[in-house]
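The values are calculated or read from the model by the stated rules, or taken from the named source; none is laboratory data. As the structure is a computational prediction, the values presented were derived from the model and not from experiment. Every residue, glycine as well, gets a Cβ built from its backbone with ideal geometry; the counts of neighbours run over all protein chains shown. These accessible areas exclude ligands, DNA and RNA; they are computed on the full protein's heavy atoms, side chains included. Shrake-Rupley method; radii C 1.70, N 1.55, O 1.52, S 1.80 Å.
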Amino acid sequence: MKILVLNCGSSSIKFQFFNMENQTVLAKGLVEKVGLNGSQLKLNKQNGEQVIFQGEIVDHKSGIEYVLGVLTSQKHGCIASLNDISAVGHRVVHGGELFSSSVLITQEVVNQMEKCIDLAPLHNPPNLKGIEAITELIPEVPQVGVFDTAFHQSMPDYAYMYGIPYALYKKYGIRRYGFHGTSHRYVSQRACEMLNIDFEKQKIITCHLGNGSSIAAIQNGKSVDTSMGFTPIEGLLMGTRAGDLDIGAVLYIMEKENIGVESASALFNKHSGLLGITNISSDLRDVLNAAQNGNQQAVLSLKMFNYRIRKYIGSYAAAMNGCDLLIFTGGIGENSKSTRAEVCKDLKWLGFEIDEEKNSSLNGTESVISLANSKVKVLIVPTDEELMIARDTQKITQEKR
Amino acid sequence: MIILVLNCGSSSIKYQLFNIDNNHQVLAKGQVDRIGINGSNIEQKVNGKEPIFIETKIDDHEQGIDLILKLLVDERHRPVLSINEIDAVGHRLVHGGEDFSESVIINQAVKDKIKELIDLAPLHNPANLMGIEAMERLLPGKPQVGVFDTAFHQTMPPKAFLYGIPYSFYKKHHIRRYGFHGTSHKFVAHKACEILGWDITKKKIITCHLGNGASITAVDGGKSIETSMGFTPNYGLVMGTRSGVVDPGIIEYMMKKEKLPLSDIVGLLNKKSGMFGLSDGLSSDMRDLADAMIAGNDDAARALNTYAHRVKHYIGAYAAELNGLDLVVMTGGIGENNWKVRELCLSNLEFLGITLDVEKNKGLYGTDASICSDCSRTQVMIVQTNEELVIASDTIKLLKR
């Protein structure tokens with residue numbers, strides 16, 4: 001069974017093509033600048049070769065058509081015909097309260113997804129365009145939608161409600177949704193596989209730390225809390241996002257700087273976080289370098305970054321009344337040994353004890369990095385959202401038969 | 001020595017008259033209400049005597065204070081024979097910004113600073129200033145002392161007090177976490193250690209001030225290292241009518257959906273939210289909600305469970321940062337008197353060493369007491385707060401210097 005996984009953004013299309021018999025990636029790549037000047041398709045072949053195709057790609061449909069063409073091309077392709085594509089899995093950002101797991105896409109599902117557009121006006125429309133394109137291009141191939149929000153739908157109401165009038169939740173769906181659900185689900189399940197323990201019986205805290213970051217509390221196989229909220233701005237300090245912020249401060253800034261709500265939103269989404277504090281970069285690697293060279297703002301931003309992570313770990317350990325596993329993933333979580341070391345420093349009282357040697361030597365690899373006698377096991381698990389989407393797609397399309 | 005303690009709000013003045021030499025005896029206490037509004041009045045209570053209640057026109061703070069001074073020598077109560085017996089006045093001041101980390105004797109420079117900080121506390125600092133200036137005119141030559149709500153929290157490190165927004169907003173507009181209720185947090189932390197015979201400089205303490213406004217503080221060795229209220233008092237916990245933490249992203253969404261101007265959103269988040277909003281308008285009063293929850297009301301249960309969940313988040317977060325926890329203190333109107341809320345907030349926290357004695361806790365109110373079981377690693381206490389007493393004591397201390 002071969003499955004194509006698509007992640008359609010506003011002007012990009014990421015794709016991975018899996019052979020599910022051995023769960024290998026036959027091809028992957030990226031269509032950039034869809035509908036813009038200089039659009040191109042980058043293909044990474046299984047043999048490691050990268051090929052770049054330039055040409056006009058006016059919309060998502062022509063981008064996907066291009067992808068399908070490349071996959072079946074004699075020179076660069078990996079399948080003889082489009083009939084070899086058994087199913088297509090789509091990453092969909094927002095499933096609102098309508099989707100608590102991955103689903104086979106039907107017209108009714110598409111209609112429901114359209115209802116969620118208001119909640120993710122930037123992301124859901126391109127996701128839908130991808131679905132529409134596949135429906136037109138290869139109508140007989142089943143499609144599956146895998147939602148970023150679905151895993152967190154198991155949160156209890158006391159974790160997802162804000163302290164605002166209940167009518168606003170009923171009327172507009174204003175509540176915590178959380179994101180990165182596919183990643184939190186993948187790494188928590190994978191960690192239990194690695195340790196050969198029952199996923200349904202653990203208390204797990206997963207830290208997905210990348211340019212966007214979130215933490216989730218997973219109890220008995222279900223997400224019970226997560227740090228991103230109604231939007232991805234809430235929670236941790238991120239590359240350019242502010243994270244937790246007093247609304248009173250937001251209003252004060254709007255008044256003092258005489259800016260409207262859209263500008264304020266851009267300010268807290270694009271000019272805050274690590275970038276806002278350091279004025280150097282939104283990339284943690286640059287900030288780490290600057291800190292090593294003695295830049296005080298960089299040092300400060302790292303302290304803030306790590307501090308917030310520690311607080312959420314404490315919060316979720318309290319909310320679950322315990323913690324068995326702590327997992328680091330995402331670009332930063334997998335590859336920044338100093339972040340992991342600083343986050344776990346002085347958490348011995350809560351049972352977290354990291355092995356400094358393992359934390360360094362096993363950087364970037366799937367591994368256990370806590371001391372043997374640490375009450376809580378600490379792991380690095382590189383995330384693989386595309387594989388998770390492919391697996392869900394395989395499972396759902398096979399069930400359908 | 002006789003000390004008058006004043007707490008001037010925007011339309012009210014609370015006061016207490018202390019005889020410090022006689023074991024801090026409260027000679028009289030009372031409240032001026034509805035200043036500048038129809039139905040303005042004053043009520044004074046003296047132990048063992050009929051309260052005095054007068055409804056009369058009170059246009060401003062100076063008239064209010066004048067009335068207080070008259071009632072203090074009223075022959076029906078006569079806590080003092082002449083107002084000249086009053087040795088000094090202590091004021092509760094809300095916002096000391098970054099300029100005041102302890103109580104001060106009020107002089108022109110201090111008044112100027114409080115004036116400079118009006119932007120940060122537009123409702124409170126002007127009223128506080130009116131109280132000070134009225135006293136200068138009515139009791140000329142008597143020393144006055146200011147005790148700030150924010151002062152105790154000035155020991156927070158930058159990683160705890162900064163938000164993830166551009167650093168220039170901190171430099172330019174002083175946007176940071178200040179925290180409030182400092183006088184109460186400090187008092188109950190010290191008082192609990194006194195009761196337990198502990199040296200506060202060696203202890204890790206979390207103080208929960210749960211009243212109509214609510215905040216939690218981490219106290220390490222007697223110093224505040226973080227607190228849940230932020231730039232404004234509408235941050236952190238869910239409160240009576242204040243939302244506490246919300247995703248900043250909801251502002252834009254609410255403005256668009258409800259077509260409300262920003263000022264209405266602010267009003268909504270401060271006055272129609274919190275427990276009142278979460279319970280779908282049932283009540284903002286915890287006693288009503290606790291009774292309703294016990295009787296099986298779902299709206300009350302949702303609101304109280306959300307409230308308790310937030311409290312647990314903060315307890316866990318601060319236990320992580322303290323890397324240990326010796327004591328949790330419950331105080332404030334709700335913390336002292338509502339056993340059901342205490343039970344919801346403190347049960348299932350054994351992982352943090354907290355084992356509540358459910359029976360001991362039940363029905364307990366209006367007393368200082370330990371409410372954990374004998375096996376609890378972390379001590380849990382109810383301590384009645386007394387901010388007025390702290391203000392009186394600080395006033396004496398500064399005068400003796």
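Tabulated data for the structure shown
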quantity	calculated
Ranked order, B:Asp21, B:Asp149, A:Asp84 - accessible area, probe 1.4 Å, largest first	B:Asp21, A:Asp84, B:Asp149
B:Glu350, A:Glu140, reordered so the largest accessible area comes first (probe 1.4 Å)	A:Glu140, B:Glu350
Shielded residues, region B:198-244 - accessible-area loss of 10 Å² or more between chain alone and all protein chains, probe 1.4 Å	B:Glu226, B:Phe231, B:Thr232, B:Asn234, B:Tyr235, B:Ser243
Heavy atoms of A:Tyr160: accessible area, 1.4 Å probe, square angstrom to 10	30 Å²
Shielded residues, region A:241-282 - accessible-area loss of 40 Å² or more between chain alone and all protein chains, probe 1.4 Å	A:Leu245, A:Asp246, A:Ile247, A:Leu251, A:Tyr252, A:Ile253, A:Lys256, A:Glu257, A:Val261, A:Ile277
Reachable aspartates and glutamates from A:Lys61, criterion Cα separation under 14 angstrom, eight or more residues apart if same chain	A:Glu32, A:Glu132, A:Glu136
Degrees separating the helix B:387-400 axis from the principal Cα axis of chain B, which is the longest one	50 degrees
Global geometry of region A:209-278, whether rounded, prolate or oblate, following the gyration tensor of its Cα atoms and the 1.5 cut on a/c	prolate
A:Gln112/B:Lys397 FRET efficiency (R0 60 Å; Cβ-Cβ; nearest 0.05)	0.35
Dipole magnitude of chain A about its Cα centre (Cβ charges: Lys, Arg +1; Asp, Glu -1), debye to nearest 20	460 debye
Cβ-defined net charge surrounding B:Glu387, 11 Å radius [Lys, Arg +1; Asp, Glu -1]	0
Bins of 10 Å from zero: percent of alpha-carbon pairs in chain A	5, 21, 30, 28, 14, 3, 0
Eligible aspartates and glutamates near B:Lys202 by straight Cα distance, threshold 14 Å, same-chain separation 8 or greater	B:Glu194, B:Asp220, B:Asp326
Cross-link reach list, lysines versus B:Lys257, counting only Cα pairs under 26 Å and skipping chain neighbours closer than eight places	A:Lys115, A:Lys129, A:Lys170, A:Lys171, A:Lys256, A:Lys270, B:Lys271, B:Lys272
Neighbourhood net charge (15 Å Cβ-Cβ; Lys/Arg +1, Asp/Glu -1) for A:Asn258	-2
Between B and A, accessible area buried - total, square angstrom, nearest 100, 1.4 angstrom probe	6300 Å²
Carbon plus sulfur fraction of accessible area for region A:21-82, probe 1.4 Å, in percent	46 percent
Karplus 3J(HN,Hα) series, Hz, for region A:18-29 with 6.51 cos²θ - 1.76 cosθ + 1.60 (x for Gly, Pro)	10, 9, 6, 4, 10, 6, 9, 8, 7, 6, 8, x
Cα gyration tensor, region A:184-314 - rounded (a/c under 1.5), prolate or oblate	oblate
Accessible solvent surface per residue of chain A, calculated while the other protein chains remain in place, 1.4 angstrom probe, Å²	39 Å²
Rounded, prolate or oblate (a/c below 1.5 giving rounded, otherwise prolate when a/b exceeds b/c) for chain B by Cα gyration tensor	rounded
Occluded residues from region B:278-292, i.e. those whose accessible area drops by 20 Å² or more once the chain is not alone (1.4 Å probe)	B:Leu278, B:Asp280
Ranked order, B:Lys111, B:Lys14 - accessible area, probe 1.4 Å, largest first	B:Lys14, B:Lys111
Partner chain coverage, peptide B:300-312 - average Cβ within 10 angstrom	4
Among A:Ala133, A:Asn44, A:Val261 the positive-end extreme of the charge dipole of the protein assembly as shown (Cβ point charges)	A:Asn44
Residue-normalised accessible area of chain B, expressed per residue, 1.4 Å probe, Å²	39 Å²
Trypsin sites (Lys or Arg not before Pro) restricted to region B:241-292 and DSSP loop, no more than 12 other C-beta within 10 Å	B:Lys259
Two-site FRET efficiency, B:Asp66 against B:Ser347, from Cβ-Cβ distance with R₀ of 41 Å, rounded to 0.05	0.20
Placed amide H near A:Ser223: partners under 5 Å, 5+ positions off or other chain	A:Ser154
Residue pairs, from the table A:Lys337/B:Lys203; B:Lys171/B:Lys259; B:Lys45/B:Lys362; B:Lys312/B:Lys360; A:Lys345/B:Lys203, whose Cα atoms sit over 26 Å apart	A:Lys337/B:Lys203; B:Lys171/B:Lys259; B:Lys45/B:Lys362
For the protein assembly as shown, with +1 on Lys and Arg beta carbons and -1 on Asp and Glu, the positive-most of A:Leu371, B:Leu196, A:Ser227 along the dipole	A:Leu371
Computed accessible area, B:Arg302, all protein chains, 1.4 angstrom probe, square angstrom	20 Å²
Accessible-area composition of chain B, carbon plus sulfur, in percent [1.4 Å probe]	48 percent
Within the accessible area of region A:269-391 (1.4 Å probe), percent carbon and sulfur	45 percent
For A:Lys45, solvent-accessible area (1.4 Å; no DNA, RNA or ligand), Å²	40 Å²
Extension reserve of the A:Asp286-A:Glu56 stretch, reckoned as 0.36 nm per residue once the Cα distance is removed	79.4 nm
Crossing angle, helix B:182-196 versus chain B [Cα axis fit, 0-90 degrees, rounded to tens]	80 degrees
Neighbourhood net charge (10 Å Cβ-Cβ; Lys/Arg +1, Asp/Glu -1) for A:Gly145	0
Set of region A:293-328 residues, backbone N closer than 18 Å to the point 7 Å along the Cα-Cβ line of A:Ala341	A:293-295, A:299-307, A:310, A:328
